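Structure first, commentary second.
The values are calculated or read from the model by the stated rules, or taken from the named source; none is laboratory data. What you see is a predicted model; the values in this text were computed from it and never measured. All Cβ positions, even for glycine, are placed from backbone atoms using ideal geometry, and neighbour counts span all protein chains on display. To get the accessible areas, we keep the full protein, side chains included, count just its heavy atoms, and leave off ligands, DNA and RNA. Shrake-Rupley method; radii C 1.70, N 1.55, O 1.52, S 1.80 Å.
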Amino acid sequence: DKAAVTEFSCNLTDSLPRRVPKLLATMYPEITVQIKPKSNSESGLAVLVYSTEFSEFLRKYVGNGVAHKQIPPELFNATPEIKLAFLGAWIDGDGWFDKKGGHYSSSNYNLTLQGRDMLASLGISSSVYRIDHSKCETSGYPSSGVEYTLNISHLDAWQLSGYSEKAANYVAPTMQRTKPASMRYCPDGTYAYRIKQA
């Protein structure tokens, strides 16, 4: 009844296939890591980690399956550098950058909100979008699911550059902020979003 294998899925261009085996080798010297092409994607890779100890560690602290993933509570009490390292690795695996900034993608709403809260703990404003792919003209089909994107402005993306290859290679547009961020820090130490309509 114990997990024995962990599978990380990623794109061919992601840094995960290079970084994860090297990192695991320092933590678990006897571990076996295998990299295979994904059968359902021409541009996808599966990084398979064969270790009960590692798999059970992840299941305990992160969860298994997208619906049960969470950010371990211990990370919210970590130093800013550790939080940024986590957020940088996350956007390298499940995110992208464009002219608007950085975006994390997940079908897990609670995980998305945890990411928002971790960014806020670092003073980084963010917004959350909900995309119903069954109603999307370009990517939808009847049984499509819902995707949530956690978004940070191009003006704040630089803070991840020392912790993310995607952020380090991101060339931000020269636009300046013309209005306050959608999420604002309040004098009482809380955060609030603008209300666009009541």
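Ligands, DNA and RNA left out, the accessible area of the stretch 3-78 computed with a 1.4 Å probe is 56% carbon and sulfur.
Adding -39500 (n - 2.57) for every DSSP H run of four residues or longer, then dividing by how many residues the chain holds, sets the calculated 222 nm ellipticity at -8500 deg cm²/dmol.
Taking every C-alpha pair closer than 8 Å and separated by at least 6 residues, the mean separation divided by the residue count of the stretch 46-198 gives a relative contact order of 21 percent.
Only lysines eight or more places from Lys2 in sequence, or on another chain, were considered; those with a Cα closer than 30 Å are Lys22, Lys36, Lys38, Lys60, Lys69, Lys83.
For Trp96, the solvent-accessible surface computed with a 1.4 Å probe is close to 100 Å², ligands and nucleic acids excluded. Close amide H partners of Asp156, meaning residues 5 or more places away or on another chain with modelled amide H under 5 Å apart, do not exist here. In percent, rounded to a whole number, the relative contact order of the stretch 59-113 is 31, using alpha-carbon pairs under 8 Å and six or more apart.
Residue ranking by accessible heavy-atom surface, 1.4 Å probe, largest first, among Lys196, Lys60 comes out as Lys196, Lys60. Counting Lys and Arg as +1 and Asp and Glu as -1 over every other residue whose Cβ lies under 14 Å from the Cβ of His103, the net charge comes to 0.
Spatial offset of the stretch 43-100 relative to the stretch 1-17 amounts to 11 Å, using the alpha carbon center of each. Looking at the stretch 76-128, the trypsin sites (Lys or Arg not before Pro) that sit in a DSSP loop and have at most 15 other Cβ atoms within 10 Å of their own Cβ are Lys99, Lys100. A 1.4 Å probe run over the stretch 1-82, with the rest of the protein chains in place, finds 68 Å² accessible per residue. The lysines within cross-link reach of Lys99, meaning a Cα-to-Cα straight distance under 22 Å and a gap of 8 or more places when in the same chain, are Lys166, Lys179.
Measuring nothing but how far apart in sequence close Cα pairs (under 8 Å, 6+ apart) lie, relative to its length, the stretch 1-87 scores a relative contact order of 30 percent. Cα gyration tensor of the stretch 1-45, axes a ≥ b ≥ c as square roots of the eigenvalues: rounded (a/c below 1.5), prolate (a/b > b/c) or oblate? Oblate is the answer for the stretch 1-45, as a/c is 1.5 or above yet b/c matches or exceeds a/b. Applied to the stretch 49-65, the Karplus parametrisation 6.51 cos²θ - 1.76 cosθ + 1.60 on θ = phi - 60° returns per-residue 3J(HN,Hα) values of 10, 9, 6, 5, 4, 5, 5, 5, 4, 5, 4, 5, 9, 10, x, 10, x Hz, with x for Gly and Pro.
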